[in-house]
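The values are calculated or read from the model by the stated rules, or taken from the named source; none is laboratory data. Nothing here was measured: the structure is a model prediction, and the numbers come from that model. Here Cβ is always computed from backbone atoms with ideal geometry, including for glycine, and neighbour counts include all displayed protein chains.
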Amino acid sequence: MVVVFVLVAVAVLALLAGVHRYVWRRLIGDTTAEGSLARRAGTVAVWVLPLTTVGAFAGGRAGFPFPLQQVLAWPGYLWLAALLYLTLALLVGEAVRPLLRRVLARRAPEDAPRAVRGATEDAEPVTATGAASHTAATPARTATDTGAPAPAPSAPGPGPEPESEPEPARPAAADPSRRLFVARAVGGAAALAGLGTVGHGTYGVLRGPRVKRITVPLARLPRSAHGFRIAVVSDIHLGPILGRAHTRRIVDTINATSPDLVAVVGDLVDGSVADLGTAAEPLAGLESRHGGYFVTGNHEYFSGAAEWVSHVRELGLHPLENARVEIAGFDLAGVNDVAGESEGQGPDFDAALGDRDRRRASVLLAHQPIVIDDAVAHGVDLQLSGHTHGGQLWPGNLLAELANPTVAGLERYGDTQLYVSRGAGAWGPPVRVGAPSDITVVELASTQS
């Protein structure tokens, strides 16, 4: 197992080194002069930024002081996103590069005759009469004028020498200036596209999640609970980048929907209570008729799950640790995340759902969608989950689809419906591309007459 881990780590490092080399070559090596300030600065950046990325990921586990984690997080995480989209843009540029060269090569032969004609038209025509008049108008220089002996007259020759052939133009592809133009054009466009994508994705995260609304019909829901609204928020990911202001935006957004109940479905934090306790404090301001409930995500077990469960309870949320409560005509259950199995605190569906009355409708809070089979086996009507971030960074959704039954949205599995939120924050890079953050208001609908 250790050998496999080492081999995977070496392969990943080799891949990252190769990608960095490729990006340096296309953006720096091909577009700047050797020894120039631009090349030196670009080379330093390509060495330093990956180190900040390593520091950003390792800082929490290594016990770096939280202020240092914050310093490393911004450049480290943003560079990871920038590297992804710069590489994708440059790969697209590889297809554009030969087309641009071909266009320039076609234009070069057309421009050359034009230049030759222009030079010929600008020159003064020389004829026999013109030459004679020019000679007559110009006084002859003699030995008396210069103080040197006059040269002897040359012997008459066979006639004027023929004009020499013009030197043929070099092929367009061999022109260094043309190669530089192509490299700078493609590199500049790739940089604009890649960095623009990251900038837009960062703005989307820092702006805060938008509200999404869906209606979910439940056959066993009584008419008295028809229209019950649950505000689902997951994957807030408070940490070195997203802090108290981010929590405040989320709380304000949820309160503006006037929900009946708030469900915080895991991955609230990326750090300890000591570092992030104050960042979570605005959660105490959540407002709903039936209160707020919380279940753990995998990142809580990286950050001290027991301490966070205690802290959110102090903030007014009700942790559901493999437990169930009765809410206005249906059962609300919650299970611990599967990451808790390493601490003997994994999901226990029998404890949460085993002895309930199956004639009642049930809603389950579970961080990861992969437990849907257990939910189906226990007769759950609706499972609310997060974890996937909707892929967060395209094409990450393709990888997320390999590991999860549903990446985002509502799907049915037998008699159980599964809704997966894209989450309200971001893990790692504070960037989302193709997977905007959301807070979902789930309105339950009764189908009973």
Worksheet item: Could you give every pair whose Cβ atoms fall below 6 Å, whose first residue belongs to region 188-215 and is outside the structural domain of A424 (by TED's automatic domain parsing) and surrounded by fewer than 13 Cβ atoms within 10 Å (Cβ to Cβ), and whose second residue is assigned to a loop (DSSP other than H, G, I, E, B) and hydrophobic (A, V, I, L, M, F, W, C), counting only separations of at least 6 or pairs across chains?
Response: none
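So which residues in region 367-387 are outside any strand (DSSP E or B) and of a type in the set (A, V, I, L, M), if there are any at all? Working first, answer last.
Pass one, region 367-387, residues outside any strand (DSSP E or B): 367-381, 386-387.
I370, V371, I372, A375, V376, A377, V380, listed by residue number.
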Worksheet item: What pairs come up if the first residue lies in region 418-438 and is under 22 Å from L72 (Cα atoms), the second is among the polar types (S, T, N, Q) and surrounded by 24 or more Cβ atoms within 10 Å (Cβ to Cβ), and their beta carbons are under 7 Å apart, counting only those six or more places apart or on different chains?
Response: G425/S437; A426/Q392; R432/Q392
Worksheet, complete the sentence: Selection from region 249-281 of residues within 24 Å of A58 (Cβ to Cβ), buried (at least 24 other Cβ atoms within 10 Å of the Cβ) and aliphatic (A, V, I, L, M) yields L268, V269, L276
Item to complete: Write out, first by first residue and then by second, each pair whose Cβ atoms fall under 6 Å of each other, whose residues are 6+ apart or on separate chains, and whose first residue, in region 76-101, is assigned by TED's automatic domain parsing to the domain that holds F181 and closer than 12 Å to A185 by Cα while the second is of a type in the set (D, E, K, R) and buried (at least 22 other Cβ atoms within 10 Å of the Cβ).
Response: L90/R26
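Restricting to region 28-43, what's the tally of residues that are part of a helix (DSSP H, G or I), farther than 20 Å from A190 by Cβ and not charged (D, E, K, R)? It would help to see each step written out before you state the result.
Taking region 28-43 first, the residues part of a helix (DSSP H, G or I) are 28-29, 37-43.
Going one step further and asking which of them are farther than 20 Å from A190 by Cβ, we end up with 37, 40.
If we keep only those that are not charged (D, E, K, R) too, we end up with 37.
Selection size over region 28-43: 1.
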Worksheet item: What is the number of the single condition among (1) basic (K, R); (2) in contact with a strand residue (DSSP E or B) (Cβ under 6 Å, 6 or more places away or on another chain); (3) surrounded by fewer than 17 Cβ atoms within 10 Å (Cβ to Cβ) that R244 does not meet?
Response: (2)
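One line per residue, one yes/no per condition, for (1) on the phi > 0 side of the Ramachandran plot; (2) surrounded by 17 or more Cβ atoms within 10 Å (Cβ to Cβ); (3) touching a Phe, Trp or Tyr at 6+ places or on another chain (Cβ under 6 Å):
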position	(1), (2), (3)
L283	no, yes, no
L286	no, yes, no
G292	no, yes, no
E314	no, no, no
I327	no, yes, no
G340	no, yes, yes
Q345	no, yes, no
F349	no, yes, no
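Results for (1) under 25 Å from L317 (Cβ atoms); (2) of a type in the set (G, A, S); (3) part of a strand (DSSP E or B), shown as yes or no for each residue.
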residue	(1), (2), (3)
R178	no, no, no
A183	no, yes, no
T247	yes, no, no
I254	yes, no, no
Fill in: Some residue of region 220-229 being modelled with pLDDT of 95 or more, buried (at least 17 other Cβ atoms within 10 Å of the Cβ) and part of a strand (DSSP E or B)
yes
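Here is a check on your reading of the model: is L399 among the aliphatic types (A, V, I, L, M) and either closer than 20 Å to V198 by Cβ or touching a residue at least 60 places away in the same chain (Cβ under 8 Å) (or both)? Give the steps one after another, and end with the answer.
Numbers: among the aliphatic types (A, V, I, L, M): yes; either closer than 20 Å to V198 by Cβ or touching a residue at least 60 places away in the same chain (Cβ under 8 Å) (or both): yes.
So L399 passes the test.
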Discussion item. Exactly one of these conditions fails for R359: (1) outside any helix (DSSP H, G or I); (2) at pLDDT 95 or above. Give me its number.
Written reply: (2)
Worksheet item: Quick one: how many residues across region 308-363 are more than 30 Å from D275 (Cβ to Cβ) and touching a strand residue (DSSP E or B) at 6+ places or on another chain (Cβ under 6 Å)?
Response: 13
Response to the item:
Filtering region 263-279 down to residues that are over 16 Å from E321 (Cβ atoms) and either touching a Pro at 6+ places or on another chain (Cβ under 6 Å) or hydrophobic (A, V, I, L, M, F, W, C) (or both) yields V269, V273, A274, L276, A279
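Would you say A193 is touching a helix residue (DSSP H, G or I) at 6+ places or on another chain (Cβ under 9 Å) and farther than 20 Å from L410 by Cα? Steps first, answer last, please.
Details: touching a helix residue (DSSP H, G or I) at 6+ places or on another chain (Cβ under 9 Å): yes; farther than 20 Å from L410 by Cα: yes.
So A193 fits the description; yes.
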